[in-house]
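The values are calculated or read from the model by the stated rules, or taken from the named source; none is laboratory data. Fair warning: this is a prediction, and the values are worked out from it, not measured in the lab. Glycine also receives a Cβ, built like all others from the backbone with ideal geometry; neighbour counts cover every protein chain displayed. Heavy atoms of the whole protein, side chains included, go into the accessibility calculation; ligands, DNA and RNA do not. Shrake-Rupley method; radii C 1.70, N 1.55, O 1.52, S 1.80 Å.
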Amino acid sequence: MNVAVVGLGLIGGSLAKSIKRHSGHAVYGLDIDPDVVTRAMMCGAIDDPLDGDRLRECGVVLVALYPQKCVDWLSENADRIAPDALVVDCAGVKRAVFGPIDAIARRYGWTYIGGHPMAGREFSGFGYAIDTLFARASMILTPPKDIDIARLEAAKAFFLAIGFRSVRITTPEEHDSMIAYTSQLAHIVSGAYVKNPLSARHKGFSAGSFLDMTRVARLNEDMWTELFLDNADLLVPSIDDLIFRLSQYRTALSDGDAGSLRALLREGREKKEALDEPEVRHADGEN
């Protein structure tokens, strides 16, 4: 099968490399930077550049661009996509892209499923793309409500075959609600935490905790600004909830209330221990 990868940054480049590692599919790649396409060819991540003729021959089209760019590219190239193709965007928010792309797909007849590979690194760009990025990752899919089940099963099988640990099926609304907490809030907290003036003097005083807390502060501010604003209605309540919980710790400390502080710490430990219980992996790849 021929697979198109549009956008050869960290995610798109890693998808291309994973496909080549785990399958015999031909991969055609497109990027705004021609040098990146050349590098991808030289290292074997793609077979050839993606053009209009090759796009028509691709059974799967993966669009790994910023949210609005996903919509724009698919709108501009919709008539070049084969009617029997599966199109999956990889944007980090789903409500902002799902409706517009779904409308385009229905107009032109190809199958669209929203997607989000749940993996990343603190660095961006093709130079950091690796073929093992998704080895422990889930692929989130947000299909239309009237999706043909056979097409959905084929999509799940494709992502499991190219190296994902599991596939999770959900709605754009649930995706954005969860991602506001599990991903976006973590990036905001990390960025705020590292701004403390003491961070400049951390060497010799820090270990794993500091590194864990500051890792995702190293981000692509252009991409994350778009993601945060697209999801602001769900991200702001997550920030408010964190501020409220931090205030509980602050009050206990300022009051010298050892009992309340101990209870808060115990509750956090117990929550984490419950999260660390082994997950059950289902036969179909869903958790």
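With only alpha-carbon atoms counted, please give the Rg and Dmax of the stretch 54-185, in Å.
Looking at the stretch 54-185, its Cα Rg and Dmax stand at 14.2, 40 Å.
Full extension from A154 to Y249: what is 0.36 nm times the residue separation minus their Cα-Cα distance, to one decimal in nm?
Details: separation 95, 0.36 × 95 = 34.20 nm, distance 4.83 nm.
Additional length available on full extension: 29.4 nm.
Mind listing the long-range amide H neighbours of A85? Cut-off is under 5 Å, sequence gap 5 or more, other chains count too, H placed in the peptide plane at 1.01 Å from N.
T111
Within the stretch 130-287, what whole-number % of the accessible surface is contributed by carbon and sulfur, with the 1.4 Å probe and all protein chains included in the calculation? Please report the intermediate quantities before stating the final value.
Numbers: 5920 of 10360 Å².
Carbon and sulfur: 57 percent of the exposed surface of the stretch 130-287.
Which whole-number value in Å² is the accessible area per residue of the chain, probe 1.4 Å?
Values: 15580 Å² over 287 residues.
Each residue of the chain exposes 54 Å² on average to a 1.4 Å probe.
Set Lys and Arg Cβ to +1 and Asp and Glu Cβ to -1, take the dipole of the stretch 143-214 about its Cα centre, and tell me which of A192, P172, A161 lies farthest positive.
A192
How big is the Cα convex hull of the stretch 79-149 in projection, averaged over all directions, in nm²? Walk me through the intermediate numbers first.
Working: hull surface 24.8 nm².
With the hull built on Cα positions only, its mean projection is 6.2 nm².
For the stretch 132-144, just list the computed ³J(HN,Hα) in residue order, Karplus coefficients 6.51, -1.76 and 1.60, θ = phi - 60°, integers in Hz, with x standing in for Gly and Pro.
10, 4, 9, 4, 10, 9, 9, 9, 8, 10, 10, x, x
Given Cα pairs under 8 Å that are at least 6 residues apart, what percent is the relative contact order of the chain?
16
Distance check, please: which entries in K69/K271; K17/K69; K20/K69 exceed 28 angstrom between their Cα atoms?
Values: K69/K271 38 Å; K17/K69 22 Å; K20/K69 25 Å.
Distance filter (> 28 Å) returns K69/K271.
Restrict the search to the stretch 97-173; then list the chymotrypsin sites (Phe, Trp or Tyr not before Pro) that DSSP places in a loop and that have at most 15 other Cβ atoms within 10 Å of their Cβ. Show your work: numbers first, answer last.
Details: sites: F98, Y108, W110, Y112, F123, F126, Y128, F134, F158, F159, F164; in loops: W110, F123, F134, F164.
Taking the stretch 97-173 and a limit of 15 other Cβ atoms within 10 Å, the loop chymotrypsin sites (Phe, Trp or Tyr not before Pro) found are F123.
When you take every Cα atom in the chain, what is the radius of gyration, and what is Dmax, the widest Cα pair distance, in Å?
21.0, 70
Hey, what number do you get for the chain at 222 nm if only DSSP H runs of n ≥ 4 count, each worth -39500 (n - 2.57), divided across all residues, to the nearest 500?
So the helix-based figure for the chain works out to -15000 deg cm²/dmol.
If R₀ is 51 angstrom, what is the calculated FRET efficiency for the pair D33 and A258, using the beta carbon separation as r and rounding to 0.05? Display every interim value, and only then the final one.
On the way: r = 57 Å, r/R0 = 1.12.
Once rounded, the FRET efficiency stands at 0.35.
Need the list of aspartates and glutamates near K272 for cross-linking: C-alpha distance under 16 angstrom, and skip anything on the same chain fewer than eight residues off.
D212
I'd like to compare 91-97, 231-237, 68-74, 218-224: which one has the highest average count of other Cβ atoms within 10 Å, and what's the full order after that? Show your work: numbers first, answer last.
On the way: 91-97: 24.1, 231-237: 16.7, 68-74: 19.0, 218-224: 14.7.
In decreasing order of mean packing, 91-97, 231-237, 68-74, 218-224 become 91-97, 68-74, 231-237, 218-224.
On the principal axes of its Cα set, how long, how wide and how thick is the stretch 131-210? Give whole Å, largest value first.
Principal axes ranked by extent give 57, 28, 14 Å for the Cα atoms.
Provide the packing ranking of 144-156, 202-214, i.e. peptides ordered by the mean count of other C-beta atoms within 10 Å per residue, highest first. Mind showing how you got there, number by number?
Details: 144-156: 13.4, 202-214: 10.7.
Ranking the peptides 144-156, 202-214 by packing returns 144-156, 202-214.
Which percent, to the nearest 5, of DSSP beta bridges fully inside the chain are antiparallel?
Working: 4 of 27 bridges.
That works out to approximately 15 percent antiparallel.
Rounded if a/c is under 1.5, else prolate if a/b beats b/c, else oblate: with a ≥ b ≥ c from the C-alpha gyration tensor eigenvalues square-rooted, which is the stretch 1-70?
Numbers: a/c = 1.30, a/b = 1.12, b/c = 1.17.
Since a/c stays below 1.5, the shape of the stretch 1-70 is classed as rounded.
Please compute the Kirkwood hydrodynamic radius of the stretch 115-260 from all pairs of different C-alpha atoms, in Å with one decimal.
Working: mean 1/r = 0.0551 Å⁻¹.
Here the Kirkwood hydrodynamic radius works out to 18.2 Å.
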